[in-house]
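The values are calculated or read from the model by the stated rules, or taken from the named source; none is laboratory data. If you're wondering where the values come from, they're calculated on a predicted model, not measured in any experiment. Heads up, the Cβs are rebuilt from the backbone with ideal geometry, glycines too, and the neighbour counts pull from every protein chain shown. When the accessible area is computed, the model is the full protein with side chains, heavy atoms only, and any ligands, DNA or RNA have been set aside. Shrake-Rupley method; radii C 1.70, N 1.55, O 1.52, S 1.80 Å.
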Amino acid sequence: MTIGVGGSTAEQELAKLTDMTQGAAPITHAEYSARIANAQAIMAAEGIAAIYINAGTNLYYYTGTRWYASERMVGAIIPAKGELEYIAPAFEVDTLLGYMTIKGKVNTWLEDESPFELFGNTLAGMGIEAGDVGIDESTAFFISDGVRQAHPQYNYVSAKAVTAGCRMIKSAPELSLLQRAKDLTLEVHKSVARILREGITTTEVEAFINAAHIKAGIPAGSYFCIVLFGEDSAYPHGVKSPKALDLNDTVLIDTGCQLFGYNSDITRTYVYGEPSARQRELWQYEQDAQIAAFDAANIGVSCASVDRAARDTLEAAGFGPGYNVPGLPHRTGHGIGLDIHEWPYLVLNDHTPLAAGMCFSNEPMLCVPGEFGVRHEDHFYMTEQGAVWFTKPAHSIDDPFGYEA
């Protein structure tokens, strides 16, 4: 039997877990202010007069205001110079004020009024009557289209140069929160591996993972969870009707949580029972690709070159080519932060140069439909000296968590 897999119960494993979030600190008011200043510097360099940031992670990133996007326009305008201002429905003002870390004037609209008219009027009131206005790239079309039609005098552009320009470089506090979240989820992985038994369903495993994240200090539990057994593991995001666990099945578990909004996202693949020669072979090919990607991640090289390193490794073993299966059908990795998938991406068409502070998943999955799949997913961050793992790769197929390393 694979070391660290099976032999325990959900009750026993939950009893062992303790709150791992003690001492973790949320982002401070000073850092939010610094983020706005950074955005304004980028706007000045790009010739953008202001940007609109919609409810969601961009609004949270700059203002600490947790608000979810809906059919009502809620967001903030950050000018290249001066103080930001909010736009919100009048009946939500008192609630919105309670969520703000960065305070600002709230411009309101009644239910029978147009928030799009209000948007342009607010810009004019801020002294911005013409020029380039950036729209947060996650903003729904009805909002961007509405403001464009209401106030065509502005030249509307994507705000991605500002939002991505800021968010893809993580600060020390952000790295700390990401590290803690990933450490926590790795402990959950260890716990769930021990509760596996023949006949257990993916639903039972998912429920345990959620409970384990809660016990480890995340009140909301798992942010997401993918559990796959046997041939189902060949399909990156699962199947409609997942099978229960059989002896000697490949097990693929991908899960994560959020700590003060910052995401963990870790995948482990191993065997419940005794690995076959084929399982050993593919498991090692996948890890070789993961290590090749990590080794290629150096300051100044492109994101594409990291993907290329992983893909070349698998192609040399006879898989692919390119994004074909059997092989690696998706990108090698994604940026991570307040969004579980964010810029930049380790994919062949992303030529962004790696810089200190960037954070990535490293998950060049090997998919063999009709057999099984293997995904090793750990994350790394860039320093001036090169890449550093948040969590180190699985130790071996026989001892994935390194208990006897």
Note to self: with every protein chain in place and a 1.4 Å probe, the range 1-78 gives an accessible area per residue in Å² of 42 Å²
Crossing angle, helix 172-195 versus the chain [Cα axis fit, 0-90 degrees, rounded to tens]: 30 degrees
How high is the relative contact order of the range 170-266? Use alpha-carbon pairs under 8 Å, at least six apart in sequence, and give a whole percent. 35 percent
Working from Cα positions, state the angle (0 to 90°, nearest 10) between the long axis of helix 115-125 and the longest principal axis of the chain. 60 degrees
Expressed in angstrom and rounded, the centroid-to-centroid distance over alpha carbons for the range 73-116 and the range 1-68 is 22 Å
Take the Cβ-Cβ distance between Ala316 and Ala220 as r, set R0 to 45 Å, and report the resulting FRET efficiency rounded to the nearest 0.05. 0.60
Neighbourhood charge, 11 Å Cβ-Cβ cut-off, centred on His376 and excluding it, Lys, Arg +1 and Asp, Glu -1: -3
Run the count for the chain, please: Lys pairs, Cα-Cα under 16 angstrom, 8 or more apart or on different chains. 9
Compactness check, the range 84-217: C-alpha Rg relative to the 2.2 N^0.38 Å globular estimate gives 1.59
Assuming a ≥ b ≥ c are the square roots of the Cα gyration tensor eigenvalues, decide whether the range 215-278 counts as rounded (a/c under 1.5), prolate (otherwise, with a/b larger than b/c) or oblate. prolate
All alpha-carbon distances of the range 1-41, grouped into 5 Å bins from 0, give the whole-percent distribution 5, 15, 11, 10, 10, 9, 8, 7, 9, 10, 5, 1
What length, rounded to one decimal in nm, is gained on full extension from Tyr99 through to Thr201, with 0.36 nm per residue of separation minus their alpha-carbon distance? 32.8 nm
Net charge of neighbours whose Cβ lies under 10 Å from the Cβ of Asp265, counting Lys and Arg as +1 and Asp and Glu as -1: -3
Keeping the other protein chains in place, figure out the carbon and sulfur percent of the accessible area of the chain, with a 1.4 Å probe. 53 percent
How much length would be gained if the chain were fully extended between Glu281 and Ala45, taking 0.36 nm per residue of separation minus their Cα-Cα distance, in nm to one decimal? 79.9 nm
Starting from the Cα of Val388, step 7 Å toward the Cβ, then list every residue of the range 26-56 with an amide N under 20 Å from that point. 26-28
Size of the chain along its principal axes in angstrom, Cα-based, largest extent first? 69, 45, 39
Determine the gain in length on full extension of the stretch Thr108-Lys81; use 0.36 nm per residue of separation and subtract their C-alpha separation, reporting nm with one decimal. 7.5 nm
Using alpha-carbon coordinates, inclination of helix 202-215 to the longest axis of the chain, degrees: 60 degrees
In whole percent, what relative contact order does the chain give with Cα contacts below 8 Å and a gap of six or more residues? 16 percent
